[in-house]
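The values are calculated or read from the model by the stated rules, or taken from the named source; none is laboratory data. As the structure is a prediction and not an experimental result, all values here were calculated from the model. Neighbour counts are summed over all protein chains in view; Cβ atoms, including those assigned to glycine, are modelled from backbone coordinates with ideal geometry.
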Amino acid sequence: MAAAEGPGPVRLSAWVHGYVQGVGFRWWTRARALELGLTGQATNAPDGRVHVVAEGPRPAAERLLELLRSGDAPGRVDLVVESWDAARGGLRGFVER
């Protein structure tokens, strides 16, 4: 979306597929996001995926996406499907759900 390409903060929504529940993946994602200065959440989905929502500067969000795909995360990441939008705000810190 064009709004997500401007100079303001962005919202990354990433659905992470693989063996990513019960292995510390959400904690690891939270730690990386906080290091990058992002706000958001990592939430377990009933189907075994993890939904990561992160807001902040686009370069930081792009780095988080790279890290999610890097193979360094706990468990096994098979696929990450992302979408971008303008930041909506209202997020504080980075939480695991």
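Worth pointing out:
- Here Pro7 fulfils each of the conditions (1) buried (at least 22 other Cβ atoms within 10 Å of the Cβ); (2) at pLDDT below 95 apart from (1).
- Any hit, the range 59-80, residues being of a type in the set (D, E, K, R) and at pLDDT below 95: yes
- Screening the candidates Val95, Val81, Val53 for the property of being touching a Gly at 6+ places or on another chain (Cβ under 6 Å) and assigned to a strand (DSSP E or B) yields one hit, Val53.
- In the range 9-16, the condition of being in a loop (DSSP other than H, G, I, E, B) and either under 17 Å from Val95 (Cβ atoms) or not hydrophobic (A, V, I, L, M, F, W, C) (or both) is met by at least one residue.
- So Pro46, is it surrounded by fewer than 19 Cβ atoms within 10 Å (Cβ to Cβ), without any contact (Cβ under 8 Å) to a residue 40 or more places away in the chain and out of contact with any Ser or Thr (no Cβ under 6 Å at 6 or more places or on another chain): yes
- Matching residues in the range 54-64 - criterion: being buried (at least 17 other Cβ atoms within 10 Å of the Cβ) and within 9 Å of Leu12 (Cβ to Cβ): Ala54, Glu55, Gly56, Arg58, Ala61, Leu64
- Checking each residue in the range 68-83 for being within 13 Å of Val52 (Cβ to Cβ), surrounded by fewer than 16 Cβ atoms within 10 Å (Cβ to Cβ) and small (Gly, Ala, Ser) picks out only Ser83.
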